[in-house]
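Comments concern the structure below.
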Ligand SMILES: [Fe+2]
Ligand SMILES: [Fe+2]
């Protein structure tokens, strides 16, 4: 362990102790919660305002995933009600799942998180289940991609089979992402040093830029929003319960 690491760790503990002792003020809370504490060593740089930490990165990707799940849910609703549903938004949503969730987000988890839990012998059973669920999710996406055709959507029998795949996908990913958000990600922070954590943030960002270009996340969110608009579920206010007299 390096000197700077010790310094960073001490600083981090000091801040955490202060934060838990009711000195939790707005600007300070971020440092104690998410941001790795920055040691004052000469080789350390202060985090830029737009630096996204690894866990923050993964969690906002789950946010994008949850919006894609809303698109799937709307598709199921229309199939069940035999309301017209063009295949395009569904196909685009499934393609986003493949490119962004399976080939990017889950790869980050599989390459950078899961091996560290295995090495530390922490949450190993959970990681085994999560890994198997990634595989199951990829099989469901294959099915959805094959079944989401104009012809299938015109056939009650075939569209029912498609709806089953979509339902299975919702059933899989809601608990999957919720468990990662509440158990895996919080535990991850303790497995890496502040310097390693900071470096991982850069690596995640590089990978995102490589696969999706600059502002990759924002572009994906823009794509999701466009699909929501196509299906009439973009306007957030529609989900607010109407006040009753
Ligand atoms: Fe996952
Ligand atoms: Fe995830």
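Screening residue 110 with (1) modelled with pLDDT of 95 or more; (2) away from ligand 2 (no atom under 16 Å from the Cβ) gives one miss only, at (2).
Which one of 172, 130, 108, 113 is surrounded by fewer than 17 Cβ atoms within 10 Å (Cβ to Cβ) and either within 12 Å of ligand 1 (Cβ to nearest atom) or assigned to a loop (DSSP other than H, G, I, E, B) (or both)?
172
Kindly provide the set of residues from the stretch 120-133 that are in contact with a helix residue (DSSP H, G or I) (Cβ under 9 Å, 6 or more places away or on another chain) and over 16 Å from residue 185 (Cα atoms), ordered by number. Scanning the stretch 120-133 gives a single hit, 133.
When residues in the stretch 172-198 are screened for being at pLDDT 95 or above and within 16 Å of ligand 2 (Cβ to nearest atom), 17 of them pass.
Whenever a residue of the stretch 95-108 is touching a residue at least 24 places away in the same chain (Cβ under 8 Å), its partners that are within 12 Å of ligand 1 (Cβ to nearest atom), lying with C-beta atoms within less than 6 angstrom and at least six residues away or across chains, give the pairs 101/65; 102/138; 105/61; 106/134. Among the residues of the stretch 75-98, is there at least one that is within 14 Å of ligand 1 (Cβ to nearest atom) and more than 16 Å from residue 174 (Cβ to Cβ)? So far as the stretch 75-98 goes, no, none of its residues is within 14 Å of ligand 1 (Cβ to nearest atom) and more than 16 Å from residue 174 (Cβ to Cβ).
Taking the criterion of being over 17 Å from the mean Cα position of the chain (by Cα) and within 20 Å of residue 109 (Cα to Cα), no residue of the stretch 214-245 qualifies. Do we have residue 145 as touching a residue at least 40 places away in the same chain (Cβ under 8 Å), more than 16 Å from the chain's Cα centre (by Cα) and either assigned to a helix (DSSP H, G or I) or surrounded by 12 or more Cβ atoms within 10 Å (Cβ to Cβ) (or both) here? When the stated conditions are applied, residue 145 passes them. Out of 235, 223, 198, one residue alone is surrounded by 14 or more Cβ atoms within 10 Å (Cβ to Cβ) and over 24 Å from residue 103 (Cβ atoms). It is 198.
The values are calculated or read from the model by the stated rules, or taken from the named source; none is laboratory data. Fair warning: this is a prediction, and the values are worked out from it, not measured in the lab. In this analysis, Cβ positions are derived from the backbone assuming ideal geometry, glycine residues included, and neighbour counts consider all displayed protein chains.
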